[in-house]
Amino acid sequence: MTSFALKIIAIVSMFCDHFGDAFVGHFSFLNLIGRIAFPIFAFQISEGFIHTKNLKKYFLRLGIFALIAQIPFSLFSYKFLNVTSLSLNVFFTLFMGLLSIYLYEYIIKLFKNTNKIRVNENKIPFDKIIGIIIVLLIGYIAELLHTDYGFWGVLVIFVFYFFKEDKLAMIIFFVTLCVLKYGIQILQYGYNIGYVLLGLFTALPVVFISLYNGKQGRKIKYALYIFYPVHLLLLYFIF
């Protein structure tokens, strides 16, 4: 499965999610399908960092479209989700996830190149410690800014990158994060089959990600960026 195929699956599932909010009402089977979208987008950020030829342009692109999409996102959230407080759209989450990966690689390379520390990798998992610190910091900022998916979203993006060479570990950690996300909600609000279904559909994208062959396929660089704010506006005005 190519990157193009993954993006199409994510776009379709995202549209189902938002169409469900606008047409059916919050939480329907369409919203369950919508849970497939973010993990694929998160995985694509990890792949984007690895394969991009210009990281600055990648950051700039995410940042610009995060700003462009904010008004459509706020209008949609207010009308269909009854969100009255300021929250930031998913592009901000993707931006911060990319930032966490960048900072991680930058700090690791900085210490290695300057020889400021000597690390016995068998005794001190320095890379893991740095990764945890960065995710805690960026994830906390994401929570403060009320970005879509918040801390959990940043953590998922980083997990996909950190375990890029070990697909089994990637799957295990991601599924664990899904269990924790909805398990905590069950502990907070009581058991509800809805949380179980949300967890299952959120974990489902690992099937598609496992089939990823590392190839790009057809290029649709700006299609996703444009589709996100445009479809939110269309749904807002139509419904």
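Read-outs throughout are calculated quantities, based only on the coordinates presented, and are distinct from any laboratory measurement. Note that the coordinates shown come from a computational prediction; the quantities given were computed from them, not determined experimentally. Virtual Cβ from ideal backbone geometry, glycine too; neighbours counted across all protein chains shown.
A few comments on the model shown:
- Given +1 at the Cβ of Lys and Arg, -1 at the Cβ of Asp and Glu and no other charges, the dipole of the chain around its Cα centre is 820 debye to the nearest 20.
- Within the chain, the longest run free of GluC sites (Glu not before Pro) that sit in a DSSP loop with at most 16 other Cβ atoms within 10 Å is 1-120.
- The chain: DSSP helices with Cα axial extent of at least 30 Å and average Kyte-Doolittle hydropathy no lower than -0.5: 55-80, 90-114, 167-189
- Computed helical MRE - 222 nm, the chain, DSSP H runs ≥ 4 contributing -39500 (n - 2.57), nearest 500: -24500 deg cm²/dmol
- In terms of surrounding Cβ atoms within a 10 Å radius of their Cβ, Tyr228, Tyr195 rank from fewest to most as Tyr195, Tyr228.
- Dimensionless Rg over Rh [the chain; C-alpha; Kirkwood]: 0.97
- In loop segments of the range 130-224 as defined by DSSP, the trypsin sites (Lys or Arg not before Pro) with at most 11 further C-beta atoms inside 10 Å of their C-beta are Lys215, Arg218, Lys219, Lys221.
- Where trypsin sites (Lys or Arg not before Pro) fall in DSSP loop in the range 1-109, at most 14 other Cβ within 10 Å: Lys53
- Within the listed set Asn213, Asn82, Asn113, the residue fluctuating most in the Gaussian network model of the chain (springs between alpha-carbon atoms under 10 angstrom) is Asn113.
- Among the listed pairs Lys128/Lys167; Lys7/Lys219; Lys53/Lys167; Lys56/Lys219; Lys164/Lys215, a Cα-Cα separation exceeding 21 Å is found for Lys53/Lys167.
- Fewest neighbouring Cβ atoms within 10 Å first, the residues Thr114, Thr176, Thr202 line up as Thr114, Thr176, Thr202.
- Taking amide H as placed 1.01 Å from N in the peptide plane, the amide H of Leu88 sits under 5 Å from that of Thr147, Asp148, each at least 5 places away or on another chain.
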